[in-house]
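Visitor: Below: one structure in structure tokens.
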Amino acid sequence: MVPEPTFELTVRQREILSHVVREYVATGQPVGSKHLVEQASLSVSPSTVRNELAELEARGLLMHPHTSAGRLPTERGYRFYADELLARGEPRTGTFPFDLSALRREVDAALQATTEMLSSVTRLLALVSAPSLETTTVRHVEVLVLQPRTVMVVVITSTGRVTKRIFTFDAVVDPGLANWAREYLNERLVGVRLGSARLRRQLDDPSVTGGERSFLDVVRPAFVQLIDTEQRLFVGDTAGLLDEVPDRELVLYRHVLATLEKRAELLEILGQALDPRRPFVRVGGDFDHPAFHDVALVGASYGLTNRVLGAVSLLGPVRMDYDKAIRTVRGAAHELSRFVEEVYEDN
């Protein structure tokens, strides 16, 4: 994306632009100067408003579809408006209207519940990226003999995530050896971060020799070679989203839903945009991929004091309620950060 030129607007121009954006988001109809004076209680004449609208249009912030029609925001206008909202900082209120404490320490359940609530509250497509597997610690290990020479290792992480790996041995596995491995691995690895140097040292204990050493060497990849290193993406209720979309917006929302096929690109965008200090907004042309040129993404990071774990975001048409979207993702990210702080406190 080529950076746009920066420019200053007067207080009145900012106010008028803000009114145009909010009115167009609410109605989907171009906004005229007379309507602005009447509905926005502007203390200036319609002719003054027309002049300001013309100036905003000259700067590429507004456009009008027909000579006699009112104005509507351009992509640049939406972006300018959203940046103004972001610059206001944290509001005094606006917590996410959902209590995650009942989910205890199950992060995956909290992420899914958050996406569903976000979609319900905003009628936008909610996306929440999960912490990567490498950020979690081992909560419990099971070693199960499935067949005489086949063993499955189940690892339950601190976030409630479950991974399963199956290993085939050259000889029949002694059930007693499998039981020993389960007890040993739980004793040594619970509370240790997956893929970490400390975990590798625990697995390389020189006091373990013979058959026990051979067994641990086979199942070692379940803990150090993570097969699902890509962050997962939790998605809100897409079917319910379309149920309440006006007919004139169905095409736009179908395009929004189609972008879900580009999950890798979405995760990359979320990763690049993460800023622990404030929410972010990406509008249309901000995206390199053409599949996203008709959509906007509003998000905020969540995590620990010194570590970002993921992002809470809303994907929708460029004509979205940015004010509500920013406040909602900020509140949801705050609640998720509080939730994961307890889960990760011993990491």
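The values are calculated or read from the model by the stated rules, or taken from the named source; none is laboratory data. Note that the coordinates shown come from a computational prediction; the quantities given were computed from them, not determined experimentally. Cβ placement follows ideal geometry from the backbone for every residue including glycine, while neighbour counts extend to all protein chains displayed. Keep in mind that these areas ignore ligands, DNA and RNA; they rest on the heavy atoms of the full protein, side chains included. Shrake-Rupley method; radii C 1.70, N 1.55, O 1.52, S 1.80 Å.
Visitor: What net charge is computed for the residues neighbouring Glu57, neighbours being all others with C-beta under 13 Å from the C-beta of Glu57, Lys and Arg scored +1, Asp and Glu -1?
Guide: Local charge sum for Glu57: +2.
Visitor: Further question: Taking only protein heavy atoms and a 1.4 Å probe, what accessible area per residue, in Å², does the range 96-218 have with all protein chains in place?
Guide: 46
Visitor: Would you mind checking which residues have amide H under 5 Å from Leu62's amide H? H placed 1.01 Å from N; only 5 or more apart, or other chain.
Guide: Glu57, Thr74
Visitor: With r defined as the distance between the Cβ atoms of Ala197 and Ala26 and R0 fixed at 51 Å, what FRET efficiency is calculated, to the nearest 0.05?
Guide: Numbers: r = 55 Å, r/R0 = 1.08.
About 0.40, to the nearest 0.05.
Visitor: From the phi of every residue in the range 213-221, what ³J(HN,Hα) in whole Hz does the Karplus formula 6.51 cos²θ - 1.76 cosθ + 1.60 yield, where θ is phi - 60° and glycine or proline is x?
Guide: Along the range 213-221, the couplings run 4, 5, 5, 4, 5, 5, 8, 3, x Hz.
Visitor: Moving to a separate point now. Report the FRET efficiency, 1/(1 + (r/R0)^6), for Glu187 and Gln39, where r is their Cβ-Cβ distance and R0 is 51 Å, rounded to 0.05.
Guide: 0.15
Visitor: Then there is this: Across the range 190-202, in residue order, what do the Karplus-derived ³J(HN,Hα) couplings come to in whole Hz, using 6.51 cos²θ - 1.76 cosθ + 1.60 with θ = phi - 60° and x for Gly and Pro?
Guide: 4, x, 9, 6, 4, x, 7, 5, 4, 4, 4, 5, 5
Visitor: Let me ask something else. Take the Cβ-Cβ distance between Asp294 and Ala171 as r, set R0 to 51 Å, and report the resulting FRET efficiency rounded to the nearest 0.05.
Guide: 0.30
Visitor: Counting only residues 5 or more places away or on other chains, whose amide H sits under 5 Å from the amide H of Gly303 once H atoms are built in the peptide plane?
Guide: Leu309, Ser337
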